[in-house]
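Following: one structure in structure tokens, then a few remarks.
The values are calculated or read from the model by the stated rules, or taken from the named source; none is laboratory data. Computed from a predicted model, the values in this text were never measured in an experiment. Cβ sites come from the backbone with ideal geometry, for glycine too, and all protein chains shown count toward neighbours. For accessibility, only protein heavy atoms count, side chains too; no ligands or nucleic acids. Shrake-Rupley method; radii C 1.70, N 1.55, O 1.52, S 1.80 Å.
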Amino acid sequence: MDTTDTPVAEKASGMDTNRKIMLGLVITLVVVVLGMYMWKSSAVSSVQKQLVEVQAQEAQARTELVERARQLHAKHDADALKRFSAPLAWAVRRELMASNLDQIDQYLTGLVQMQGFESALLANPEGKIVVATDRKKLAEAFSALYPADYLQAKDVMVLPTATGGLRAVVPIMGLNQQLGTLVVEYVSPAYTLQ
């Protein structure tokens, strides 16, 4: 009888061993799956964090590039306006020496019809505005609109304005004296980088 009881006991303990092995395998499998999931989540999170950092760096680089382009564009506009002012001063000088204010008015009116030019005026050395594209300014004193030291300028000055534009102060020189001061307001057309 012992022989018959032993195989049943061995079968029962063998089944317990099989169950323990199966349970151990299932637990091991669950631990491996959880470990892989956590590793993958960590890797994805790391990649997302790196992507966000790269995007932030690219945005910063783009902002710096746009600002640099804006500065170069402004410098180019200022240089071009300064170069343009010399021949304009020559033309105005010729007409001013001939006391031909109507012709100067036509020059300035034509000038402000060009893109970017907003206004222009000519003041005599005493600070009286003698020609202006905005007729309302003819009744005003130069010093009410601009600093009086502009009237003493000996060289062309291109200055930034509070609105982001440029102001050219152009002295009109005669042979021995200053005949007047021309002030031209310019705003560069908007541009985009794409």
Projected label distance in nm at Val31 and Thr163, using a 7 Å step from Cα toward the beta-carbon = 7.6
Determine how large the accessible area of Thr163 is when every protein chain is in place; take a 1.4 Å probe and give Å² rounded to the nearest 10.
-> 120
Measuring from the longest principal axis of the C-alpha atoms of the chain, the long axis of helix 2-97 (C-alpha) lies at a number of degrees, nearest 10, equal to 0
Gaussian network model of the chain, Cα within-10 Å springs - most flexible of Leu25, Leu65, Leu121 = Leu25
Segment 83-168: relative contact order as a whole-number percent, Cα under 8 Å and 6+ apart | 18
Pairwise label distance in nanometres, Asp149 with Ser99, each label 7 Å out on the Cα-Cβ vector | 3.5
Please identify every one of the GluC sites (Glu not before Pro) in segment 102-194 that sits in a loop by DSSP and has no more than 12 other beta carbons within 10 Å of its own beta carbon.
-> Glu126
Anchor Lys137: aspartates and glutamates whose Cα lies under 19 Å away (excluding residues fewer than 8 positions away in-chain) = Asp102, Asp105, Glu118, Glu126, Asp149, Glu185
Are there trypsin sites (Lys or Arg not before Pro) in segment 98-184 that DSSP marks as loop and that have at most 13 other Cβ atoms within 10 Å, and which are they?
-> Lys154
Alpha-carbon Debye profile of segment 130-188, log10 I(q)/I(0) at 0.17 Å⁻¹ = -0.60
Förster radius 45 Å - calculated FRET efficiency between Leu23 and Gln57 (Cβ-Cβ, nearest 0.05) = 0.35
Alpha carbon centre of segment 148-164 versus segment 27-100: separation in Å?
-> 31
Accessible area of Asp155, 1.4 Å probe, to the nearest 10 Å²?
-> 110
A student asked for the Cα radius of gyration and Dmax of segment 82-194 in angstrom ought to give 13.8, 51
Met173/His73 FRET efficiency (R0 45 Å; Cβ-Cβ; nearest 0.05) = 0.90
For the chain: rounded, prolate or oblate by the Cα gyration tensor [a/c cutoff 1.5] | prolate
If every Lys and Arg gets +1 and every Asp and Glu gets -1 at its Cβ, then about the Cα centre segment 1-155 yields a dipole, in debye to the nearest 20, of 320
Hey, if we sort Ser188, Ser99, Ser85 by accessible area with the 1.4 Å probe, largest down, what's the order?
-> Ser99, Ser188, Ser85
Cα long-axis angle, helix 101-112 against the chain (0 to 90 degrees, to the nearest 10) = 10
For segment 11-115, whose charge dipole is built from +1 on Lys and Arg Cβ atoms and -1 on Asp and Glu Cβ atoms, the candidate among Gln113, Ala69, Val44 with its Cα farthest towards the positive end is Val44
To the nearest 10 Å², what's Met173's accessible area with a 1.4 Å probe?
-> 70
